[in-house]
1. What are the residue pairs meeting all of these: first residue in segment C:144-171, first residue under 22 Å from residue C:74 (Cα atoms), second residue of a type in the set (Lys, Arg), Cβ atoms under 7 Å, and 6 or more apart or on different chains?
2. Of all residues in segment A:127-144, which are hydroxyl-bearing (Ser, Thr, Tyr) and either under 24 Å from the mean Cα position of the chain (by Cα) or more than 14 Å from residue A:10 (Cβ to Cβ) (or both)?
3. If we keep just the residues of segment A:227-244 that are within 9 Å of residue A:26 (Cα to Cα), of a type in the set (Val, Ile, Thr) and within 11 Å of another protein chain (Cβ to nearest Cβ), which is surrounded by the most Cβ atoms within 10 Å (Cβ to Cβ)?
4. Residue by residue through segment B:66-112, note down the ones that are without any contact (Cβ under 8 Å) to a residue 24 or more places away in the chain, small (Gly, Ala, Ser) and within 14 Å of another protein chain (Cβ to nearest Cβ).
5. Would you mind stating whether residue A:82 is within 14 Å of chain B (Cβ to nearest Cβ), assigned to a helix (DSSP H, G or I) and surrounded by fewer than 22 Cβ atoms within 10 Å (Cβ to Cβ)?
6. When you scan segment B:272-283, do you find a residue that is within 19 Å of residue B:55 (Cβ to Cβ) and either touching a residue at least 24 places away in the same chain (Cβ under 8 Å) or more than 14 Å from chain C (Cβ to nearest Cβ) (or both), even just one?
7. Looking at B:56, B:122, B:80, B:103, can you tell me which residue is in contact with a helix residue (DSSP H, G or I) (Cβ under 7 Å, 6 or more places away or on another chain) and in a loop (DSSP other than H, G, I, E, B)?
8. Which condition from (1) surrounded by fewer than 18 Cβ atoms within 10 Å (Cβ to Cβ); (2) farther than 18 Å from residue A:50 by Cβ; (3) not β-branched (Val, Ile, Thr) is the one that residue A:271 breaks?
Amino acid sequence: MGVTLTALLEQIANGTMMGAIYVLVALGLVLIFGVMEVLNFAHGVVFMAGGYACDFFFVHLFGNYPAVVILTMLTLALVGLALERAVFRRLRVNVPMQIVASLGLILMAQNAAVLLFGPSALQLSVPTVHSLIRVGDLSFTVQHVVVIVAAVAAIVLLQAFLHWTKLGIALRATSQNPDAARVVGIDPDRIYRITFAVSCALAGLGGALLGPLFLISPQMGDLPMLKGLTAIVLGGMGSIPGAIIGGLAIGIIEAVSTLFISTDYRDMVVFVILIAILLVRPWGLFGVRVRGEA
Amino acid sequence: MRARATRLTAGVLFAAIVYLLAWAFDHSPYVLFALTLTLCYAIPAMALNLLLGYTGLVSLGHMGFAGIGAYVTALLMKKGGLAFAPSLLAGTLAAGLAGVLVGVPCLRLRGHFFIIVTLAVGIVLFLLFNNLDWLTGGAAGLPGIPRPRSIDLGVAVLDPRRPVGFYLAAATIFLLVFAIQYGLVHSDFGRSLAAIRQDETLAASRGVDVFAHKLAIFALSAAIAGLGGGLLAVFLRAVAPQSFGFLEDINLVLIVIVGGAGSLFGPTLGALLFIALPEALRIADSVRMLLFGLALLALALLAPRGLWGLALTAAQRLRGAQSAVSHAERS
Amino acid sequence: MPNVLEVQDVSKSFGGVHAVQGVSFSIRAPGIYGLIGPNGAGKTTLFDIICGRQFADAGDIRLGGACIGCLPAHRRTRLGLARTFQECRVLDEETCLDNVLFAAQDKRLRSELAQGISRRGQGTATLEAQRLLELVNLRHLSGELAGNLSFGQRRLLEIISSLIAQPRLLLLDEPASGINPTLLNTLHDFLLRIFAERQIVLLIVEHNMEFIMSLASRILVMHQGRLLEEGPPALVQSSQKVIEAYLG
């Protein structure tokens, strides 16, 4: 066998890093879907906006990467509020029009990016991308570690929010039973706003983290969004632990697969997995099998 | 009876207009190009409309089937030396077969799951078109597809190498598909599909084999999309995988929904808007695309039944609303 | 002559809940039969199993002697079974007349495709549809969209749609719920009339005791998934077991 242990470990590490990004995207998608039953196809451009915002703040405001990342998250949270208010609130039951609106947003955002930042990709040069860490035979940039640490921090904070704060608990209640939640005095509109804000902040974080590693371009969010979608299907459409495990799994499987098949087909692996899950076990690992008709 | 006569007249009139456009723009090859391209895209749009608008199945990967039709037609003509008609037929059948193979496992899925799996199938098809270099030419695609031969019609010669000639050939195929669409919608089969869209459980309890109907329309829809793809390939004389990727899948869905899903003319209207208009505006540069996106957003929020629905509502308002509850406002 | 409907030892559980436990009964002759029981008794589940919306874990269902337990819902309809739904299902975007005509349409895929473009003109089906609409006072609304009707009107539309395909067994799931008293009388008389005309089997799940007791010749009582009592209304109403089930 031509696959060495070193190569395998390297891919697992890469996969974990990409998996962390997919987890952030997946969490954003699963929150909106779980609470509002909306599939936000425009999630990819929010991710992209995170990348561009991060670059903009870093270059034009102050060159402190951690601060800029936080600022990016706050900015995208505001964007999320606007999106919910202006667009998705009205389209809750109309699935075809959700798709149209999402696609309209994608067109607008990607072309706005071209107009504002030019058609060629940007390179965001932060210190963490330049310094390397060596572990045995393998070397990674510090940014790899930053991504994983940041994602873990975000997950921990999110879980704390959902389980230990009033608002978070209200959010979980709304996702399980919106009518009951309303009866006990929870305002669903407020919950939807918060959900969108948190979801977009997470996507923005993903873009801000991935940006320095690869290039920042208008299409940078497309594949992450699709893979995040695969992750939540794998994990189970309404499940947060599912999104976390799904995202990691996708990242690692994708990376390890490049040891065995040509990189051209790497993307296809993820989508074939998606099709397979849907055909065999659509409710995913942790989703609830809906007891329906025969 | 009178209704049927009116419909027949309307149909003939529509066909006449489509054909007469060829003579109206005989000396504007660029306009003919835009119109022919529109007709090529209107065909897969009508196919998707049967699925989405009439049966309620949202397929986000439908251009993949158009791609199958395109590649099979192109390969048979270029490498196999076959004539246009049999190649196009083969492409259509290949796409239909693919529709059956995809439909059997996937049509069991409901709602969001079906949408996602069709999205994934579309992407996988694109990746196959893009990477199977030995068969599809990979990212470069298949250039140099031969033009169809001239047809002697007795009174005249139809030469597809001339813009007018190809337009007339495309128009004929377009009208044929339009007639099929019409026939399906107004048949008992179409009524069962409409029932499935409105309430699957009710349809089943009334005796409709929901799965069989869905499979039948899915396969037919895939075949028609393949027909459009084959026509497109021969028109552009080349096939490239980008024509059948994620963005194109999205484009097709937009054409159908924005044009007016569930209406006969909606897909054609949508194709005019999304294909002919950008051509007419010369280039789809970023400002225009941004405004386009804005327009889509506005449409989604203000016109839930698409442009055709808007047109119907406007027409009804002009005539003066008589009944208290208007059909078009029930959305 | 085989029994119209035979339910043999049917059971169904959801997780740990035994919705239906070993229910057996047969219906031999045309008539109006009632199925009653307190909430949670398993009536709707049993209904769903008979119609094919759910499949039993164990047991047999026979329609006219033929085993239908493993058939999907649409096949059972073609064998002469029809049903209405508790939540009342009609095709909202179609007219009343089209709703009834659709129910009459031959829905085998082959027939539909062979039919081609069909005329919805003055066939026998249309005349029968209009007659049924007339019977429930909906003839003047033939061209109205079903979605615009009042709840009671939709209920009546649903019932006549179920009848036009000439079923031999019609299952009605709480037809009286949500209906005002006037319309209830219309419904009551209509069901009696239909039975007189066609001599079919009507099996009705109901909570409205007055309604069902005055209609049915035989009542089945379910409680906690089992068949508790069976007999004419008078017997059931005075049965100690039944009274306890409702009060307890």
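The values are calculated or read from the model by the stated rules, or taken from the named source; none is laboratory data. Everything numeric in this text was worked out from a predicted model, so none of it was measured. Every residue, glycine among them, receives a Cβ derived from its backbone with ideal geometry; neighbour counts consider all protein chains shown.
1. Pairs that qualify, where the first residue is under 22 Å from residue C:74 (Cα atoms) and the partner is of a type in the set (Lys, Arg), are C:158/C:89; C:162/C:83; C:171/C:83.
2. Result: A:128, A:131, A:141.
3. This residue is A:232.
4. Across segment B:66-112, the qualifying residue is only B:111.
5. It is true that residue A:82 is within 14 Å of chain B (Cβ to nearest Cβ), assigned to a helix (DSSP H, G or I) and surrounded by fewer than 22 Cβ atoms within 10 Å (Cβ to Cβ).
6. No, segment B:272-283 has no match at all.
7. After applying the criteria, what remains is B:56.
8. With (1) surrounded by fewer than 18 Cβ atoms within 10 Å (Cβ to Cβ); (2) farther than 18 Å from residue A:50 by Cβ; (3) not β-branched (Val, Ile, Thr) applied to residue A:271, the lone miss is (1).
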